[in-house]
1. With the condition kept exactly as written, say whether any residue in segment 338-358 is touching a helix residue (DSSP H, G or I) at 6+ places or on another chain (Cβ under 9 Å), within 27 Å of LEU208 (Cβ to Cβ), modelled with pLDDT of 95 or more and assigned to a loop (DSSP other than H, G, I, E, B).
2. Residues that are at pLDDT below 95 and either under 19 Å from ALA57 (Cβ atoms) or not polar (S, T, N, Q) (or both): find the strands (runs of 3 or more DSSP E) completely inside segment 187-244 holding 2 or more of those.
3. What residue, among those in segment 206-251 that are farther than 21 Å from ILE182 by Cβ and of a type in the set (S, T, N, Q), is surrounded by the most Cβ atoms within 10 Å (Cβ to Cβ)?
4. Checking the condition among the hydrophobic types (A, V, I, L, M, F, W, C) and over 24 Å from ASN276 (Cα atoms), which residue from CYS381, CYS342 passes?
5. Between a residue in segment 326-347 that is farther than 30 Å from GLN382 by Cβ and assigned by TED's automatic domain parsing to the domain that holds ASP316 and any residue that is of a type in the set (Val, Ile, Thr) and surrounded by fewer than 17 Cβ atoms within 10 Å (Cβ to Cβ), which pairs come within a Cβ distance under 9 Å, given they are 6 or more apart or on different chains?
6. Please specify each residue of segment 158-177 satisfying the condition of being of a type in the set (Gly, Ala, Ser) and in contact with a Ser or Thr (Cβ under 8 Å, 6 or more places away or on another chain).
7. Please verify whether segment 249-260 includes one or more residues that are assigned to a strand (DSSP E or B) and of a type outside the set (S, T, N, Q).
Amino acid sequence: MRKATIILKQVATGSITTRRIPLLDLAALHAPIQGEIDAAIQAVIQSQQFILGEPVARLEQTLAAYCGSRHAIGCASGSDALYLALLALGIGAGDRVLVPAFTFFATAGAVSRAGAVPVFVDIDPVTFNLDPARIAATLFTQPRAKAVIAVHLFGGAADMDPILRIAAQYDLAVIEDGAQAIGGEYNGRRLLSIGQIGCLSFFPTKNLGAFGDGGMVTVNDDGLARRLRALRTHGGLERYRHEWIGINSRLDALQAALLQAKTPYLDGWTGGRQQNAARYRALLDKAGLPVVLPQPASYQTRHVFNQYVIRCQRRDQLKLHLEQAGVGTEVYYPIPLHLQPCYRELGYKNGELPASEQAASEVLALPVHPALGPGDIEYVCQCLAAFYRSPFAL
C-alpha cells in the first residue's frame, strides 16, 4: 500500500493533479447513443403527441416483457408509482403498511399520502433490505396492517419467499419497490413480477433513467392493471367518466421514447456495473481496511448495483477526503425513516431499530457506473487505503 500512501501525500501537497471521478457520469453514458436519443425525441416532437400515446404503450410492452410481468403502466414518477399501487389495493385512512426504516423517503411518503400509517421495520444489516424475522415480530403489534412494501435497495433483491409466506399468513398485500432494481433477480426470478404490484422509477440516476421524472407500475392481475390505468388519469376508464378518484400521473411521450431508445443498452450497462463491483471486491477484499463491502446474498442471483455501498469507519471524514481527491460519493441515507422529523409523532426512539440506525451512520456510495474509465476504480481504492493508513488522513 506504499503507492497509495504516496498518492495521498501528493494529493494533500498539491504535487499531482487528482483524477475527477464523478459518482455518475450521464454525459459519458449517453454520448455513444446520442444520435438514437435525438432521433427518438425528434419523432415525438414531429408527432405532436406528448402525453401517453404510442411511445408510452410501446415502452409499457417492452418493460412488461423485460420484468416478466403481464402488464406495465407508465406514470409520472417512482413516487407516484408507489402511491398508485396503494390506491389500487384500497389502502387508505387508518391502515398500516410495513416499510423498511432504511430506504429513500418516497417509500414511506407514499403511505402517508394515501392516508395510511407507515410501520417501520428494521433491516438485514448485510443486504440493507427488510429482515423477514423483524416483519413477523412487528405484525404481532399491528392488527390493522394491510400491506408490506419490500424495497430492493441499491439493486439487490429483498428476501421475497419468506416475505410472501408471512404476507399470506397475515393477509397482507406485497408491493415491490424496485426503483433501484430494474433487471434484478431473486432466485432466478425477475424482480417486479413477484409481489402483487411492482414500482419502478426512471429518475435520471437510475440504471434506466429518463431526462427528468418518470415511473411505472408492473402487475400480473388484469383487474388491478385496469384500475391502475384508470387511477393515473383521474380514475377514468373513458373520457369524462370516473370510476374512482385518481390522480394526474401520466408518463409523457418524450420520456417514453427516450427510455425506449436506451432500453437495448440496459443489460450491457448492468454488466458494466457488475464488473466494476467485482473489481472493487478483488482490490479491497484482502486490504485489511475497516470497510465492509457489499456481499450479495445467495438469493440475490442478479444484483444490478444501482449503487455500490460500503460500510466504513469515520464515514464523514472519508467522504470529505475522497471528494478532495476528486472522487464523487454520496450517503444513501443519513437519517433512517423512523427518526425523520415529520414522523416524530409516531413515537419511535433512537436505538429502537438498531440495524437501520447503524447503517445510516456508516454507509457510503462509491462510483460504480458503467462509464468509469481505465484505472478509475484502482484510484478510488488507493485513496481509500491511503485514508486509513497514511499520516495525511484527515
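1. No, segment 338-358 has no match at all.
2. 236-238
3. Among those residues, the one meeting the criterion is THR233.
4. One residue alone meets the criteria, CYS342.
5. Short answer, once both residue conditions are applied: PRO341/ILE335.
6. ALA158 - this is the single residue of segment 158-177 that is of a type in the set (Gly, Ala, Ser) and in contact with a Ser or Thr (Cβ under 8 Å, 6 or more places away or on another chain).
7. The answer is yes; a qualifying residue exists.
Let's see how each residue does on (1) of a type in the set (Lys, Arg); (2) assigned by TED's automatic domain parsing to the domain that holds HIS369; (3) in a helix (DSSP H, G or I); (4) in contact with an Asp or Glu (Cβ under 7 Å, 6 or more places away or on another chain):
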site	(1), (2), (3), (4)
ALA278	no, yes, yes, no
ALA282	no, yes, yes, no
TYR299	no, yes, no, yes
ASN306	no, yes, no, no
VAL309	no, yes, no, no
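The values are calculated or read from the model by the stated rules, or taken from the named source; none is laboratory data. Keep in mind that what you see is a predicted model, and the values were worked out from it rather than measured. Cβ atoms come from the backbone with ideal geometry, glycine included; neighbour counts cover every protein chain shown.
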